[in-house]
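Everything below concerns the one structure shown next.
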Amino acid sequence: MKDVTIILDRSGSMNHLKNSVIEHFNNFLGEYKATGEKSSFSLVQFDHEIEKLIDNKPIQKVKPLTLSDFNPRGTTSLNDAVGITVQEKLKSFSAKTKVVIAIITDGLENSSVEYTTEMVKRVINHGRAKGWKILFFGANQDSILEGSKLGIGQDKSYDIDFSGLGVKFSLKKIYDELAD
């Protein structure tokens, strides 16, 4: 059994990528469903608020994103989104489950109120100690540096283009990690 979570930036700067995010997410979803794998899936989107759009649903029951599901706005509460999500996963973790968490962002932390970078690093290290794969995809930043601040290894941190191709690359890498 796999547990897949994508933590997706929906801050205002993502607005010009709205259609690409929806298109490439839906392509990823279709390809992953076609594998027939039994997985639970979550999609957490964040700006200055954190929203679980999809919460631990069987992958086969996940519906495609629509234009009304992904509405970029606000600021970037990256630490809160990652910290809250990983902490919740730690509480419900089963040793029989392969966990993959992917973070996709186009900007740096600028508005979290609950989690500091150091707190996020601690919870991520707990997950990694359990064998979780945690991936970091960042545009407009040094993703290896930013990922390392969060406790994510350089081999799981990727600089992406701030474009539809960058989103597509991210989702393809997530799919590849799930195949391992």
Which values, in whole Å and largest first, are the semi-axes of the equivalent ellipsoid of the chain obtained as the square root of 5 times each eigenvalue of the Cα gyration tensor? 21, 20, 15
Relative compactness, the stretch 77-150, computed as alpha-carbon Rg over 2.2 N^0.38 Å: 1.06
Intensity falloff of the stretch 123-180 expressed as log10 I(q)/I(0), Debye formula with alpha-carbon point scatterers, at q = 0.21, 0.23, 0.24, 0.29 Å⁻¹: -0.81, -0.92, -0.98, -1.17
Theoretical ellipticity at 222 nm over the chain - DSSP helices of four or more residues, -39500 (n - 2.57) apiece, nearest 500: -12000 deg cm²/dmol
Radius 11 Å from Cβ of Glu88, net charge of other residues (Lys, Arg +1; Asp, Glu -1): +2
Going by how many other beta carbons lie within 10 Å of each one, how would you line up Lys91, Lys130, Lys168, fewest first? Lys91, Lys130, Lys168
Can you sort Ser111, Ser68, Ser170 so the residue with the fewest Cβ neighbours within 10 Å comes first? Ser68, Ser111, Ser170
Go ahead and set up a Gaussian network model of the chain, Cα springs under 10 Å, then flag whichever of Asp55, Asp159, Asp69 fluctuates most. Asp69
Name the residue from Thr116, Thr66, Ile144 whose Cα lies farthest towards the positive end of the charge dipole of the chain, charges +1 on Cβ of Lys and Arg and -1 on Cβ of Asp and Glu. Thr66
Note the per residue figure in Å³ for the convex hull of the C-alpha positions in the stretch 9-71. 70
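Read-outs: derived from the displayed coordinates by stated rules, not from any lab. This one's a predicted model, so the numbers in the text were calculated from it and none came from an experiment. Positions of Cβ are backbone-derived with ideal geometry, glycine not excepted, and every protein chain shown enters the neighbour counts.
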